[in-house]
Amino acid sequence: MTRVAVLGGGPAGGSAALALARGGVEVDLYLPARPGEKPCGGAVPEHVLPKIDGFDPSPLPAVVSPEAVLEDSRGHRLALDLDGIRIFRRRDFDHALVEAALAAGAAPRRIKAERLERVETGVRVVAGGEGRVYDWIVGADGARGLSRRSLGLPPRGDSVGLGGSLLGIDPGLDWRRLVLAFPGMADSYLWIFPRPGGASVGIAYTPGRLTDAAARAALDRFLDDHLDEGWRDLPGPRYRYPIPVFGPWTLEAVRRGLSRRILLTGDAAAVADPLTREGIRYSLLTGLWAAGSLLAGRPEAYAERLESELLEDMEKAGRARDLFFEGAIGRWALPLSRAHPGIRKVLSDLLACRQPYTGLRRRLLGAAVGLPTSRTHTPCGP
């Protein structure tokens, strides 16, 4: 029987371990001692959730399709219907996914993996002074994790998320509206995502284009405007975290891992959207795709799936980043959307991860002249 070690208990690791265990593979799931939060909204597109066989997130506390407001640097505001997203606390979502994997037969290894060693029959994972040999490793341990380090992969192309999880207490934070703001500072944007019991807040930006100090100041001003100054006294972790976006380095890293029996997934593979920096959806999908390739006995199919499903769309997202944040789209998207219901629908679909970048420009132009605005295809198919 094939033996697989999954390193990491986030969306990529949990989805991979669940799919492998349900497929009859012997799986050890190496879990971090202290699962960390991330500066992300925690939103998951509802159309992705049914793809995770054996996982039912419906009992989890969630904010479902909240009211959304977009703001730009010139004071334009746009209210959007944001159907089809579900916002979880990450600790709830990740824990439930891991529990589903364990219920399906994955064995928990609540010990830190310290070293990966190539051996004739596979890969040895050294943890707590003990070595175990596996046929394959699923690396789901993040942008700075052991999987990437063992392959000699330096960070490349990272954006940064700076923010925190604010916990609402009485009297405290009671925020039910999702806000995205584009301050006109390089390729940065700010957010407030409502979560059960509080909110996730932050700013995403590219180091070298915006300093940490400028980003922090912009975030503080934004939160003062929307939450009043009392937000500073609210409990909850604050953090700065790399966001490993998709780029030419992604497939290079995945192919290097394949040559050493390591399937990189999620942040370890660098698959976050270059424009929105959204990554949870792609973490879940890459975990499922990695598991599917192993279950089919064709590990090389994993890289093929990444290329066929993501490469074209992510390249378009990378090219659109400057055009969106600092070019014509960024300057005119909100005022035009206020006048054109069709453009509002396109933006709503884009934010809810229903509209891929492939075909986006054509659909926006069509909406501007009153043509039907149905999306070209559902991104990231089954």
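The values are calculated or read from the model by the stated rules, or taken from the named source; none is laboratory data. What you see is a predicted model; the values in this text were computed from it and never measured. Heads up, the Cβs are rebuilt from the backbone with ideal geometry, glycines too, and the neighbour counts pull from every protein chain shown. Side chains included, ligands, DNA and RNA excluded: accessible areas come from the protein's heavy atoms. Shrake-Rupley method; radii C 1.70, N 1.55, O 1.52, S 1.80 Å.
Screening Y239 on (1) touching a Ser or Thr at 6+ places or on another chain (Cβ under 8 Å); (2) within 21 Å of I203 (Cα to Cα) shows it passes everything except condition (1). Checked against (1) assigned to a helix (DSSP H, G or I); (2) farther than 19 Å from L167 by Cα; (3) at pLDDT below 95, P242 passes all but condition (1).
Condition check ((1) within 29 Å of S73 (Cβ to Cβ); (2) among the charged types (D, E, K, R)) across all residues:
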site: G184; (1), (2): yes, no
site: D212; (1), (2): yes, yes
site: G230; (1), (2): yes, no
site: T286; (1), (2): no, no
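For region 206-226, name all the residues that are part of a helix (DSSP H, G or I) and either buried (at least 18 other Cβ atoms within 10 Å of the Cβ) or touching a residue at least 24 places away in the same chain (Cβ under 8 Å) (or both). Scanning region 206-226 gives D212, A214, A215, R216, A218, L219, F222, L223, H226. Here region 168-202 is the region considered, the condition is being out of contact with any helix residue (DSSP H, G or I) (no Cβ under 6 Å at 6 or more places or on another chain), assigned to a loop (DSSP other than H, G, I, E, B) and surrounded by 21 or more Cβ atoms within 10 Å (Cβ to Cβ), and the residue that is modelled with the lowest pLDDT is L173. For region 81-94, how many residues meet the condition of being open to solvent by 40 Å² or more (accessible area, probe 1.4 Å) and either more than 30 Å from L347 (Cβ to Cβ) or in a helix (DSSP H, G or I) (or both)? So the count comes out to 1. Among residues of region 292-342 being of a type outside the set (F, W, Y), in contact with a strand residue (DSSP E or B) (Cβ under 7 Å, 6 or more places away or on another chain) and modelled with pLDDT of 90 or more, the one that is surrounded by the fewest Cβ atoms within 10 Å (Cβ to Cβ) is P299. Residue by residue through region 61-74, note down the ones that are within 15 Å of P194 (Cβ to Cβ) and either of a type in the set (S, T, N, Q) or open to solvent by 30 Å² or more (accessible area, probe 1.4 Å) (or both). Passing the criteria: P61, A62, V64, S65, E67. Here G161 meets the list (1) out of contact with any Cys (no Cβ under 8 Å at 6 or more places or on another chain); (2) crowded, with 21+ Cβ neighbours inside 10 Å; (3) farther than 18 Å from H226 by Cα almost entirely, failing just condition (1).
The requirement of being without any contact (Cβ under 8 Å) to a residue 12 or more places away in the chain, out of contact with any strand residue (DSSP E or B) (no Cβ under 9 Å at 6 or more places or on another chain) and under 27 Å from A352 (Cα atoms) is not satisfied by D233. The single condition among (1) outside any strand (DSSP E or B); (2) under 23 Å from the mean Cα position of the chain (by Cα); (3) touching a residue at least 60 places away in the same chain (Cβ under 8 Å) that E71 does not satisfy is (1).
Restricting to region 64-105, what's the tally of residues that are farther than 30 Å from F182 by Cβ and out of contact with any helix residue (DSSP H, G or I) (no Cβ under 7 Å at 6 or more places or on another chain)? Total meeting the criteria: 5.
In region 309-324, the residues that are within 12 Å of D187 (Cβ to Cβ) reach residues that are part of a helix (DSSP H, G or I) and hydrophobic (A, V, I, L, M, F, W, C) with C-beta atoms within less than 6 angstrom, at least six apart or across chains, in these pairs: L323/I329. Candidates L97, L78: the one that is in contact with a strand residue (DSSP E or B) (Cβ under 6 Å, 6 or more places away or on another chain) and not in a loop (DSSP other than H, G, I, E, B) is L78. Against the test of being open to solvent by 10 Å² or more (accessible area, probe 1.4 Å) and within 24 Å of Y239 (Cβ to Cβ), the options R110, R77, R22 yield a single qualifying residue, R110.
Selection of region 257-291 for residues being over 22 Å from R321 (Cα atoms), open to solvent by 10 Å² or more (accessible area, probe 1.4 Å), in contact with a Phe, Trp or Tyr (Cβ under 8 Å, 6 or more places away or on another chain) and touching a residue at least 40 places away in the same chain (Cβ under 8 Å) yields L258, R261.
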